[in-house]
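The values are calculated or read from the model by the stated rules, or taken from the named source; none is laboratory data. Please read all numbers here as calculations on a predicted model, not as lab measurements. Glycine also receives a Cβ, built like all others from the backbone with ideal geometry; neighbour counts cover every protein chain displayed. The area values use the complete protein model at the heavy-atom level, side chains included, leaving out ligands, DNA and RNA. Shrake-Rupley method; radii C 1.70, N 1.55, O 1.52, S 1.80 Å.
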Amino acid sequence: MKAKISTAILSIFAAWLFSAASSAQNLPDVKLKVIGPQSRGVAWHLIVKPFWDEELPKLSNGAIQPDLASITELGLSGSEVFRLLKMGVADLGIIVMGYASGEVPELDGFDLAGAVPNVEALGAVTTAYGPVVNDIMLKRVGLRVLGYFPLGQQGLWCSTPISGIGDLKGKKVRVFATTQADFVVALGGSPVTMPATEVPASLQRKVIDCAVTGLLSGNIGKWPEVTSHLYPINFGWAMMTVVINQKSWDRLGKNVQDFLTDKIQNVMIARAWDLARESDDQGIWCSTGDSRCSWGSKESVTRYNIKLVPYTDSDDAIRKRALEEAALPEFAKRCGAECTSAWNTAAGKALGVQAKAKK
């Protein structure tokens, strides 16, 4: 699997260099302040930092000069990023949408916990629902969306023994999105919201019992050092969005706008979707001592040997019930009638489900 990813990245990179050669010649010098995600995860190590620090400057022949800082460096939780961009403190941000769904509840609609079974279904939802949210972001928040991408399947990492979905009852579970909190409550647990940087210490001190993050992100963040069990129930895909202040966008000019859009979409975001298809198995294998683990320091992965909790058909039946009885109705309640109708017409149709608020 490692060779497959490396070959794909090399071939894509060669195409970028060829296609960028002529388009980069006429670009003016541009400086961009960019806020990236937390620095101990898939997005930062394998997607965002390589693109903004290395690839984009090279592809633009040095014309585009990003100043990238993670929310970890800036001491942010993530929920402040939209406000900082609107204020002009930074030009562009890459953020987990769940961090900002309190301000824009429609963002939860991409990635309702337990609703999207695989990457293909997630792609269909993004294609159908993306244009709806693009308009909302521009009109309500003043930010232009340049793209969406997933970080991979979100699973459950526990510092206390569990054997399946029934054991979540009574457990304190760290979540990072409102829809995940709905899901945990439906399963009998108590959701706790906290930044990713606080999770390892909270697990170690037993402030929380379990925490939601990606099957690969948890490994990169070294969560197996403070957990004993990995349960690959699907809590979503940690969808991210790339947004830019509209005034910053207008200052760029059409040549830079076109170049930036092309490279963000066809370099950074394309790689992210490829990784989402490839990385979950490695995240599980490398965290649970499976001999099929073939990733290592190049991918910022460490080999561990925590216990893999099997996800069974009976677990999946409970997951479906929690989705229908809690996650979908609670989303519809928060989002309102107009929002729910738009979601049902786009994302719901793609998934074959419909949201309806409880009376």
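Okay, here's what the table says:
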| quantity | calculated |
| --- | --- |
| Single residue of Ser300, Ser294, Ser279 found to be under 22 Å from the mean Cα position of the chain (by Cα), open to solvent by 20 Å² or more (accessible area, probe 1.4 Å) and not hydrophobic (A, V, I, L, M, F, W, C) | Ser300 |
| Breaking point among (1) more than 23 Å from the chain's Cα centre (by Cα); (2) under 22 Å from Pro191 (Cβ atoms); (3) part of a helix (DSSP H, G or I), for Arg334 | (1) |
| Neighbours by Cβ (under 7 Å, 6+ apart or cross-chain): first from segment 196-218, of a type in the set (Phe, Trp, Tyr); second surrounded by 18 or more Cβ atoms within 10 Å (Cβ to Cβ) | none |
| Condition broken by Trp295, with the remaining ones in (1) in contact (Cβ under 8 Å) with a residue 24 or more places away in the chain; (2) within 19 Å of Ile220 (Cβ to Cβ); (3) not in a loop (DSSP other than H, G, I, E, B); (4) not hydroxyl-bearing (Ser, Thr, Tyr) satisfied | (3) |
| Some residue of segment 231-238 being part of a loop (DSSP other than H, G, I, E, B), open to solvent by less than 30 Å² (accessible area, probe 1.4 Å), on the phi < 0 side of the Ramachandran plot and of a type in the set (Phe, Trp, Tyr) | yes |
| Count of segment 258-276 residues which are surrounded by fewer than 22 Cβ atoms within 10 Å (Cβ to Cβ), charged (D, E, K, R) and closer than 18 Å to Ala43 by Cα | 2 |
| Listing of helices (runs of 4 or more DSSP H) fully contained in segment 37-121 that carry 3 or more residues being modelled with pLDDT under 95 and surrounded by 22 or more Cβ atoms within 10 Å (Cβ to Cβ) | none |
| Qualifying position, being more than 18 Å from Gly114 (Cα to Cα), out of contact with any Lys or Arg (no Cβ under 6 Å at 6 or more places or on another chain), open to solvent by 30 Å² or more (accessible area, probe 1.4 Å) and of a type in the set (Val, Ile, Thr), among Thr197, Thr178 | Thr197 |
| Sole residue being within 19 Å of Thr179 (Cβ to Cβ) and without any contact (Cβ under 8 Å) to a residue 24 or more places away in the chain, chosen from Glu325, Glu330, Glu338 | Glu338 |
| Count of segment 165-192 residues which are over 13 Å from the mean Cα position of the chain (by Cα), in a loop (DSSP other than H, G, I, E, B) and at negative phi | 4 |
